[in-house]
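Asker: Pasting a structure below so you can have a look.
The values are calculated or read from the model by the stated rules, or taken from the named source; none is laboratory data. Remember, predicted model here, so these are calculated numbers, not experimental data. So basically every Cβ, Gly included, is an ideal-geometry build from the backbone, and we count neighbours across all protein chains shown.
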Amino acid sequence: MNADKPDDNGSVSSTCATYMLEHAARYDLLFSEFDDQGWANNPKKIDNPILHTMQAGPRDPSTAFGNLKKFLDDQAKNHDRLMIITFVHGWKHNASTDDTNVKLFRQVLENTATLEEKTNSGRHVVGVYLGWRGDSLNVPDGIKSVLTFYDRKDTADEVSKGAIHEVIAYLNAYERRENRLSDGQCDVASASEGCKVVSVFIGHSFGGLILYEAIAPAVLSSVIDGEVYSKSAQPPPVERFGDMVLLINPAIEAARFQPLFRSVATYQPKKYKSPLMVLVTTDADVATGTFFPLGRFFSTFFEAKDDQEQRDAVLETIGHMKPYVTHYLHHFDTTPLGNVGDAPGIWPRRFGDGNVLYVCDKEYASYPVWNIETDKSVMKGHSDLDNPNLRNFVVALIDDAIVQSERMKNPPPHRIQTGAAQGDDVPINCLSSDNYDRLKAIDPAKSN
């Protein structure tokens, strides 16, 4: 369905409401949906004849996966280079045309297309929206929050075990296939210049859980490969899953993250590499900071826990598990004091206008997985995805993974700067709960 261009709030014509494919002026968007059991379609109907002509017809779960394959093949034929952004929504959302996450995703695609045009990258922007029943009751939001949080977590677990694995694996395999066909000019490990396809995976809330369960095993395998081959004379490049994996306020118990967190400590490249996976959680998130551990307390009450770390990891989400936090992100209204770097590998570092990313420990500077805590200066709550400071950070992060890697043929070593922004005299302690107040004190615009 031709959507032309979304309006300022991401809405399109109501005639697009039942269509699984939207053709906009500067991007294309495909919807793929999953039921409460994690089924995307009936496998017997994947080869439905309608797919051979790629009809942009009404959304039909029985053709979702087949349409994805045909859709991507057509994109590769029609465009020299592609930027594929895949989004998995979270709690209290779905794939309806007027859902706020859908409208926001259209805006992200439109804005990304603008940036790609400004940089003359030649990439056509493609969106894949993976939907499930994150919004299960048509009741006021306050009642919905109480009645559906734990039920939708169970559903997200079911979806994470289902056909979405096939879809996400295909998206990754598709990128690798197309890039290996790029006349030998593409470094598939780093999305260097010449790659036909670059891809970004984003998950929010329970969508972060779904995406994590689908991708984390591959990321863990890459980290272990990097550690095993690190002492080789010519270690092979670490394989990436896509070019960037970003989880925003992921509603995942930290116990699931522990194996990956322990493994990244054994593989620390000496020179800068953009992270394999980034998790960002705001300390202002009540859903993951309060509701989640409360529910986990009752559901795991009779489970044995060996020590305090395990007890905390079973209850808390990844972003609220202080010992697992590797970075801290804060937005300054004015120029922050001290030495702040602009180049990859220099810490602390600017990530978007006013955003400064601190590393919590020198050891974490080279970690290939970043677990970032932020505050209300970047996200004011669980669903504050439209915050301009967050958007600027995400754009800078994608630039770091894709554009910077194209420019850096010889990446720099990690370097932590001293001075007022990261030295002993500046109050950054990732085990603390008052970093917002501490950083506000060195930001004249906030301290007045």
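Asker: If GLY295 meets every condition in (1) touching a Phe, Trp or Tyr at 6+ places or on another chain (Cβ under 6 Å); (2) at pLDDT 90 or above apart from one, which number is that one?
Answerer: With respect to (1) touching a Phe, Trp or Tyr at 6+ places or on another chain (Cβ under 6 Å); (2) at pLDDT 90 or above, GLY295 is out only on (2).
Asker: Conditions: (1) surrounded by fewer than 19 Cβ atoms within 10 Å (Cβ to Cβ); (2) closer than 29 Å to HIS382 by Cβ; (3) out of contact with any Lys or Arg (no Cβ under 9 Å at 6 or more places or on another chain); (4) at pLDDT below 90. GLY57 meets all but one. Number of the miss?
Answerer: Going through the list (1) surrounded by fewer than 19 Cβ atoms within 10 Å (Cβ to Cβ); (2) closer than 29 Å to HIS382 by Cβ; (3) out of contact with any Lys or Arg (no Cβ under 9 Å at 6 or more places or on another chain); (4) at pLDDT below 90, GLY57 breaks only (2).
Asker: Which of (1) modelled with pLDDT under 90; (2) surrounded by fewer than 24 Cβ atoms within 10 Å (Cβ to Cβ) does GLU110 not meet, given it meets every other one?
Answerer: The one condition GLU110 does not meet is (1).
Asker: Considering the stretch 254-271 alone, what residues qualify as being outside any helix (DSSP H, G or I) and either closer than 13 Å to THR326 by Cβ or touching a strand residue (DSSP E or B) at 6+ places or on another chain (Cβ under 7 Å) (or both)?
Answerer: Scanning the stretch 254-271 gives ALA265, GLN268, LYS270, LYS271.
Asker: Moving to a separate point now. When you check SER222 against the structure, is it assigned to a strand (DSSP E or B), at pLDDT below 95 and not hydrophobic (A, V, I, L, M, F, W, C), yes or no?
Answerer: no
Asker: Among the listed residues SER205, SER199, SER160, which satisfies the condition of being at pLDDT 80 or above, at positive phi and crowded, with 17+ Cβ neighbours inside 10 Å?
Answerer: That would be SER205, the only listed residue that is at pLDDT 80 or above, at positive phi and crowded, with 17+ Cβ neighbours inside 10 Å.
Asker: Given the criteria touching a Phe, Trp or Tyr at 6+ places or on another chain (Cβ under 6 Å), at pLDDT 90 or above, part of a loop (DSSP other than H, G, I, E, B) and surrounded by 17 or more Cβ atoms within 10 Å (Cβ to Cβ), does ALA251 qualify?
Answerer: yes
Asker: Looking at this structure, is THR288 in contact with a Pro (Cβ under 6 Å, 6 or more places away or on another chain) and either in contact (Cβ under 8 Å) with a residue 24 or more places away in the chain or under 17 Å from PHE149 (Cβ atoms) (or both)?
Answerer: Taking the combined requirement at face value, the residue does not satisfy it.
Asker: Let me ask another. Is the stretch 401-412 home to any residue that is at pLDDT below 85, touching a Phe, Trp or Tyr at 6+ places or on another chain (Cβ under 7 Å) and either more than 30 Å from PHE291 (Cα to Cα) or part of a helix (DSSP H, G or I) (or both)?
Answerer: So far as the stretch 401-412 goes, yes, one or more of its residues are at pLDDT below 85, touching a Phe, Trp or Tyr at 6+ places or on another chain (Cβ under 7 Å) and either more than 30 Å from PHE291 (Cα to Cα) or part of a helix (DSSP H, G or I) (or both).
Asker: Within the group VAL369, VAL395, VAL378, which residue is surrounded by fewer than 19 Cβ atoms within 10 Å (Cβ to Cβ), within 19 Å of the chain's Cα centre (by Cα) and either modelled with pLDDT of 95 or more or not charged (D, E, K, R) (or both)?
Answerer: Matching residue, one of VAL369, VAL395, VAL378: VAL395.
Asker: In the stretch 117-135, what residues are in a helix (DSSP H, G or I) and either among the β-branched types (Val, Ile, Thr) or free of Cβ contacts under 8 Å to residues at least 60 places away in the same chain (or both)?
Answerer: LYS118
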